[in-house]
1. Taking only Cα atoms, what is the 0 to 90° angle, nearest 10, from helix 226-245's long axis to the longest principal axis of the chain?
2. Would you kindly calculate the translational diffusion coefficient of the chain, applying Stokes-Einstein with the Kirkwood radius from alpha carbon pairs, for 37 °C and a viscosity of 0.692 mPa s, and quote it in µm² s⁻¹ without decimals?
3. Which entries in LYS16/LYS186; LYS20/LYS54; LYS16/LYS54 show an alpha-carbon gap greater than 29 Å?
4. Express the relative contact order of the stretch 118-271 as a whole percentage, based on alpha carbon pairs under 8 Å and six or more residues apart in sequence.
5. With everything on Cα atoms, drop me the angle between helix 66-83 and the longest principal axis of the chain, reported from 0 to 90° to the nearest 10.
6. So which trypsin sites (Lys or Arg not before Pro) in the stretch 178-262 end up in coil per DSSP with only 11 or fewer other C-beta atoms within 10 Å?
7. Going highest first, how would you order 168-175, 290-297 by mean Cβ packing within 10 Å?
8. What relative contact order, as a whole-number percentage, does the stretch 1-117 give when Cα pairs under 8 Å and 6 or more residues apart are counted?
Amino acid sequence: MSRASARACANLAFVKYWGKRDAALNLPTNSSISMTLDAAHTTTCVEIDPGLEKDEVWMSGEPAPGAFASRVIAHLERIRSLAGSATPARVHTSNNFPAGTGFASSASGFAALTCAASAALGLRLSRRDLSVLARKGSGSSCRSIHAGFVEWHAGQDDHSSFATQLADARHWNLVDLAVLVTEREKSVRSSDGHRLAANSPFWPSRTRSMASRLAEVRQALLKRDFHRFGREVETEALEMHAIMQTSAHEQRGAWQSGIFYMAADTLRLINAVQRWRQAGMEVYFTLDAGPTVHLLCLEDQSGDVLDAVQSLEGSQDWRTIACRPGPGAKLLSEIDAT
Ligand code: PMV
């Protein structure tokens with residue numbers, strides 16, 4: 001039996017991946033830019049065990065739900081075929097944050113699985129190969145392979161679509177105060193949302209403006225220009241939600257005008273951010289495919305922003321997780337050795 005364990009952090013996109021050019025390979029329509037989040041991680045152990053009759057997937061000590069287990073097994077299959085192995089595996093995985101709330105658990109999950117399974121199967125892969133492989137499990141997980149600030153290059157094909165590090169975790173003292181306003185699971189999975197994005201009448205204009213958006217955010221990030229960065233990142237999040245909210249489709253036989261990932265408290269918090277800025281606080285927000293509001297500020301403002309969140313009515317029911325630029329995916333043996 002061989003065994004390896006790995007830990008990978010979630011990541012938060014500043015320029016979003018929304019829409020795929022190739023759904024089977026998870027090739028994105030556009031490149032994206034993110035920060036790896038130190039406080040939200042998945043730990044995964046893979047045991048290659050000839051004594052097993054079939055693969056087993058465990059989540060926080062319980063048998064994993066069927067749909068999730070099937071995705072994990074499909075990814076194991078990819079890694080086993082690279083290693084020329086057919087031996088079944090037992091996978092234990094756990095998150096230190098709730099899944100399905102706009103906090104990307106598939107990103108940390110598939111990055112950790114890719115590292116642990118490839119090590120357990122004796123593959124020695126470069127960061128680039130790990131990123132290509134993780135991408136096929138879940139697109140955004142290719143960014144979680146790297147520490148700090150990361151760009152996923154859309155590429156042309158399987159081999160050219162992977163993430164690289166833009167700047168390491170010490171580059172900028174940016175804080176993401178993730179405010180989980182509800183822990184209810186979202187109703188439309190992101191894989192469906194990606195597929196429906198091109199239904200929006202605003203899709204062509206988004207794809208046309210993507211190159212300049214990426215250049216702006218990359219430059220502001222590298223220059224640590226928070227003013228410019230915050231404006232661009234907030235605009236980007238709302239633009240992605242405008243696409244989502246106008247992606248008309250059918251659901252259970254009924255026409256739907258679009259997908260709404262925001263909750264009432266998401267909007268309340270967005271309004272509060274606008275008020276706080278008028279009062280001189282330098283804080284911006286971004287959102288993913290869920291109701292969680294990610295408040296972005298610099299370290300010296302994070303105490304004031306947290307106080308402001310806690311002063312809002314109903315905030316005692318929310319959970320706030322403070323994330324800073326975090327490490328890339330690592331085997332636990334590498335973590336123990338440091
Ligand atoms: O990797 P997926 O299929 O879960 O898509 C993630 C999409 C967003 O989180 C909304 C944006 C992003 O770039 O992470």
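1. Between the helix axis and the principal axis of the chain, the angle is about 70 degrees.
2. My calculation gives 161 µm²/s for D.
3. The answer is LYS20/LYS54; LYS16/LYS54.
4. About 15 percent, as a whole number.
5. 60
6. Answer by residue number: LYS223, ARG252.
7. So the peptides 168-175, 290-297, ranked by packing, come out 290-297, 168-175.
8. Relative CO of the stretch 1-117 lands at 36 percent.
All of the numbers you see were taken from the coordinates with simple rules; none came from a lab. Nothing here was measured: the structure is a model prediction, and the numbers come from that model. Using ideal geometry, Cβ is built from the backbone for each residue, glycine included, and neighbour counts are taken over all protein chains shown.
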